[in-house]
Amino acid sequence: MEKWKDFYRRYPQCWVLLYLFIYIPWFILLERRTSVSYTVLHTGWDDAIPFCEYFIIPYYIWYLYFAGTAFYFLFRRPRKEFYEFAVLVASGMTFWLLLCTIWPNGLVLRPAIEPERSFCARLVSLIYAADTPTNVFPSMHVYVSIVAHSTIRRNLRKSYPGGTVFSGVLMVLICVSTVFVKQHSVLDVAGGILLFALLAPVVYHGGREKR
């Protein structure tokens with residue numbers, strides 16, 4: 001018990017992780033509901049973008065990118081930097097949960113997958129099985145990737161310029177992957193970008209860039 005108290009004294013910002021007890025049950029309820037009518041999101045661009053199973057690799061990398069950024073700023077950076085990251089993530093996710101609760105939305109873009117065809121096809125089939133094609137707008141894959149890169153760029157670009165460039169490339173690949181593996185519509189991607197554009201200036205002190 002004393003070890004946990006000492007840990008909390010060193011990292012009191014860990015209380016932010018309690019948000020998971022709000023997010024996870026709410027998300028599960030949204031994924032399991034079946035008695036609502038969903039608005040299908042679709043554009044001509046979605047039809048023009050081909051399915052490419054290889055983009056499932058950056059799609060999966062998102063989980064490491066998000067967790068890695070969160071834990072690095074939680075344990076290795078000043079609290080202010082972590083709080084900016086956490087507030088942006090939590091506010092965006094809460095907006096998304098509220099919007100999907102009020103306005104159920106989904107996709108009909110997924111192709112038929114033969115998991116035995118290749119390793120990447122198997123990864124795609126696993127995602128399709130675990131994640132329903134609902135509650136897609138705005139894309140949290142896109143939004144959180146932008147938040148993660150923005151946090152890295154604002155705080156680490158001077159000390160780790162190479163890492164910042166790598167983060168930017170990874171962010172773009174993740175955002176693009178969402179439409180190539182048919183997990184999101186172009187509308188979802190645009191929604192994720194717009195959501196960041198609306199929330200970031202509020203969190204980043206009225207839009208003033210960190211120098």
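The values are calculated or read from the model by the stated rules, or taken from the named source; none is laboratory data. Bear in mind the structure is a predicted one, so any value in this text is a computation, not a measurement. Neighbour counts are summed over all protein chains in view; Cβ atoms, including those assigned to glycine, are modelled from backbone coordinates with ideal geometry. Side chains included, ligands, DNA and RNA excluded: accessible areas come from the protein's heavy atoms. Shrake-Rupley method; radii C 1.70, N 1.55, O 1.52, S 1.80 Å.
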Margin query: So, in the range 99-110, how many residues would count as being touching a Phe, Trp or Tyr at 6+ places or on another chain (Cβ under 9 Å), surrounded by fewer than 20 Cβ atoms within 10 Å (Cβ to Cβ) and part of a helix (DSSP H, G or I)?
Written below: 2
Checklist line | Sole exception among (1) closer than 26 Å to PHE95 by Cβ; (2) surrounded by 11 or more Cβ atoms within 10 Å (Cβ to Cβ); (3) not aliphatic (A, V, I, L, M) for PHE21, by number | finding: (2)
Check: Of the residues TYR72, TYR63, TYR59, TYR83, which single one is touching a residue at least 24 places away in the same chain (Cβ under 8 Å) and open to solvent by 50 Å² or more (accessible area, probe 1.4 Å)?
Finding: TYR83
Notebook entry, point to check: ARG9: charged (D, E, K, R), in a loop (DSSP other than H, G, I, E, B) and over 18 Å from TYR128 (Cα atoms), yes or no?
Noted result: no
Margin query: Let me confirm something: among TRP103, TRP96, which residue is aromatic (Phe, Trp, Tyr) and touching a strand residue (DSSP E or B) at 6+ places or on another chain (Cβ under 9 Å)?
Written below: TRP103
Notebook entry, point to check: For GLU31, are the conditions met, namely being part of a helix (DSSP H, G or I), open to solvent by less than 50 Å² (accessible area, probe 1.4 Å) and charged (D, E, K, R)?
Noted result: yes
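Hey, could you check the range 34-48 for residues that are in contact (Cβ under 8 Å) with a residue 12 or more places away in the chain and among the hydroxyl-bearing types (Ser, Thr, Tyr) and say which is least open to solvent (accessible area, probe 1.4 Å)? Reasoning before the result, please.
Taking the range 34-48 first, the residues in contact (Cβ under 8 Å) with a residue 12 or more places away in the chain are 36-43, 45-46.
Next, only the ones that are among the hydroxyl-bearing types (Ser, Thr, Tyr) stay: 37-39, 43.
Details: SER37: 104, TYR38: 69, THR39: 55, THR43: 29 Å².
Within the range 34-48, the match that is least open to solvent (accessible area, probe 1.4 Å) is THR43.
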Margin query: Among the listed residues TYR63, TYR128, TYR160, identify the single one that is over 19 Å from the mean Cα position of the chain (by Cα) and of a type outside the set (Gly, Ala, Ser).
Written below: TYR160
Next item on the list: Would you be able to say whether some residue in the range 162-182 is closer than 21 Å to LEU97 by Cβ, in contact with a helix residue (DSSP H, G or I) (Cβ under 7 Å, 6 or more places away or on another chain) and of a type in the set (Ser, Thr, Tyr)?
Entry: yes
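Condition check ((1) at pLDDT 95 or above; (2) hydroxyl-bearing (Ser, Thr, Tyr)) across all residues:
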site	(1), (2)
LEU30	yes, no
THR39	yes, yes
THR43	yes, yes
ILE49	yes, no
ARG76	no, no
TYR83	yes, yes
ALA90	yes, no
ASN105	yes, no
LEU109	yes, no
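Consider PHE51 carefully, then state whether it is assigned to a loop (DSSP other than H, G, I, E, B), surrounded by 12 or more Cβ atoms within 10 Å (Cβ to Cβ) and of a type in the set (Phe, Trp, Tyr).
On the way: assigned to a loop (DSSP other than H, G, I, E, B): yes; surrounded by 12 or more Cβ atoms within 10 Å (Cβ to Cβ): yes; of a type in the set (Phe, Trp, Tyr): yes.
Criteria met by PHE51.
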